[in-house]
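Just below is one structure, and these are the notes that go with it.
The values are calculated or read from the model by the stated rules, or taken from the named source; none is laboratory data. It should be emphasised that the depicted structure is a prediction, and the values quoted were computed from it without experimental measurement. Cβ atoms come from the backbone with ideal geometry, glycine included; neighbour counts cover every protein chain shown. Heads up: the accessible areas ignore ligands, DNA and RNA and are worked out on the full protein's heavy atoms, side chains in. Shrake-Rupley method; radii C 1.70, N 1.55, O 1.52, S 1.80 Å.
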Amino acid sequence: MKIPPVLLFALIAALYIGTGLVQSWNSSLTILNMGLVSAIMALGLNMQWGFAGLFNVGVMGFVALGGLATVLIAMPPVPEAWAVGGLRLWGSLLLGGAAIAAAIFTFTRLSPGRARLLATTLVIIGGFVLYRLAFDPARDAVEAVSPATTGYLGGLGLPVILAWPAGGLLAAGAAWIVGKTALGLRSDYLAIATLGIAEIIIAVMKNEDWLARGVKNVNGIPRPVPYEIDLQQSEAFTARADSLGLPVETASTLYVKLLYGCLFTATLVLIIVALQLALKSPWGRMMRAIRDNETAARAMGKDVTRRHLQVFILGSAICGMAGAMMTTLDGLLVPGTYQPLRFTFLIWVMVIVGGSGNNLGALLGGLLVWWLWIQVEPLGRLFMEGLTWPLPDGSWLKDHLLDSTQYMRLLTMGVVLLLVLRFSPRGLIPER
């Protein structure tokens, strides 16, 4: 079943406009902004799977690193924490890195045998002991500084918009480390490795309070747009809202959401243009040739592992940038909210439904699936209330059906996925 892309995007527009007319424009813009961010995540995953066939099940980890970058870049530093142990803490981390480098150097320089094994083991153990002796006191001192309000080092105090490329760079660095060790594995092993590494990233963010307060969360991340309360206190903005016939509170929230939407749309357009140029370039054709027949590509002299590493880093960087944008929109970092269902498997559904290997398909899937994810539960509640209306209040069947609406999201995602795979197995906008 093939539906013209223009018609599909018109349907998406109708869904969002209908939400604004029936519910509220605030709700519609809120869903749209997160839909744009989710579409960017889908584009990053589509680059890895659709361009190169890399099975990444660790999207959540790279998105979380983008959120961490927002804290490290935008939050103000905590001078008291830096005074009691900030430099010592970073110095101990450098010491740990030097120990790893020394272990690698020892292993590569010595000849194979017991002597190499013994020397490498001694370097690792000695380096780990020195690292812990330097790190633990500094960490404890930093986390003891006003733990209820800070208890961490803070960030650089720079404009939050700089956190978006920084989130991409942080995710790209992590992807380089992951790729150097895991890209030589089979696709199923790569999936398990990326899933495990994503869980490790989340565990580190939850437990290392000195870095981003752990499960105590970071609130009040600076915004790139004005605050609603400031707009409501502005005489010029109040007069403008009155001229439009809108309450100033409603006008201020709509204005802020529109500004976020413009920033996200501009970023999305830049990424899509860059990806389209890459897809149609000789590099993009080579990546798809490697994806379709890796053995033939190797026989023609292509460095498949190196090309896989390139596309894995680029796709992860896009996911990291999206994670930074999402944390900027939320205004807080909550490591406990990073769940594989939302930040990995739902992104996969977006790519599969939209069409892997097609950037417009990933965009369509991101906007459509996110709208369904948010709206299915309240719509399902209304449907169930209408269905059970003839039943008396207190009936076990009525209570059971109404309680089941909380599972409508998962049921709908499964039904949508099955329908698309049955009638359009290559997605709503398949690869050309």
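The residue that is farthest from GLY323 (Cα to Cα), counting only those in segment 193-233 that are part of a helix (DSSP H, G or I) and touching an Asp or Glu at 6+ places or on another chain (Cβ under 9 Å), is GLN232.
Set side by side, the residues ARG422, ARG381, ARG432, ARG426 differ, and just one is open to solvent by 70 Å² or more (accessible area, probe 1.4 Å) and touching a Gly at 6+ places or on another chain (Cβ under 8 Å), which is ARG426. A Cβ distance below 7 Å, combined with a sequence gap of six or more or placement on separate chains, defines the contacts here; from segment 332-349, residues that are under 19 Å from GLY414 (Cβ atoms) and in contact (Cβ under 8 Å) with a residue 12 or more places away in the chain reach residues that are assigned to a helix (DSSP H, G or I) and open to solvent by 40 Å² or more (accessible area, probe 1.4 Å) in the pairs VAL349/LEU417. Among residues of segment 378-396 that are closer than 22 Å to SER24 by Cα and in a helix (DSSP H, G or I), those with a Cβ under 9 angstrom from a residue that is open to solvent by less than 60 Å² (accessible area, probe 1.4 Å) and not β-branched (Val, Ile, Thr), sequence gap 6+ or separate chain, pair up as LEU379/MET408; GLY380/SER404; GLY380/MET408; ARG381/LEU402; ARG381/MET408; PHE383/MET408; GLU385/LEU402. For segment 403-418, the count of residues that are touching a helix residue (DSSP H, G or I) at 6+ places or on another chain (Cβ under 7 Å), modelled with pLDDT of 85 or more, under 30 Å from ARG285 (Cα atoms) and part of a helix (DSSP H, G or I) is at least one.
Among the residues of segment 246-296, the ones that are within 17 Å of LEU360 (Cα to Cα) and aliphatic (A, V, I, L, M) come to 12 in all. The set of residues in segment 138-158 that are under 13 Å from GLY85 (Cβ atoms) and open to solvent by 50 Å² or more (accessible area, probe 1.4 Å) comprises ARG139, ASP140, ALA144. Test GLY331 against the stated conditions and say whether it is closer than 28 Å to LYS216 by Cβ, among the small types (Gly, Ala, Ser) and either in contact with a strand residue (DSSP E or B) (Cβ under 7 Å, 6 or more places away or on another chain) or surrounded by 14 or more Cβ atoms within 10 Å (Cβ to Cβ) (or both). Yes. Quick check, is THR295 surrounded by fewer than 16 Cβ atoms within 10 Å (Cβ to Cβ) and within 25 Å of the chain's Cα centre (by Cα)? So THR295 fails the test. The single condition from (1) outside any helix (DSSP H, G or I); (2) under 32 Å from the mean Cα position of the chain (by Cα); (3) under 28 Å from ALA101 (Cα atoms); (4) not small (Gly, Ala, Ser) that LYS180 fails is (1). With GLY320, GLY284, GLY301 as the choices, which residue is open to solvent by less than 70 Å² (accessible area, probe 1.4 Å) and at positive phi? Only one candidate passes the filter, namely GLY301. Of all the numbered requirements in (1) in a helix (DSSP H, G or I); (2) open to solvent by 60 Å² or more (accessible area, probe 1.4 Å); (3) farther than 30 Å from ASN219 by Cβ, PRO112 misses one, and that requirement is (1). Close contacts from segment 182-204, counting a first residue that is under 21 Å from GLY336 (Cβ atoms) and a second that is at pLDDT below 90 and part of a helix (DSSP H, G or I), with Cβ to Cβ under 6 Å and a gap of 6+ residues or different chains, come to ILE197/VAL178.
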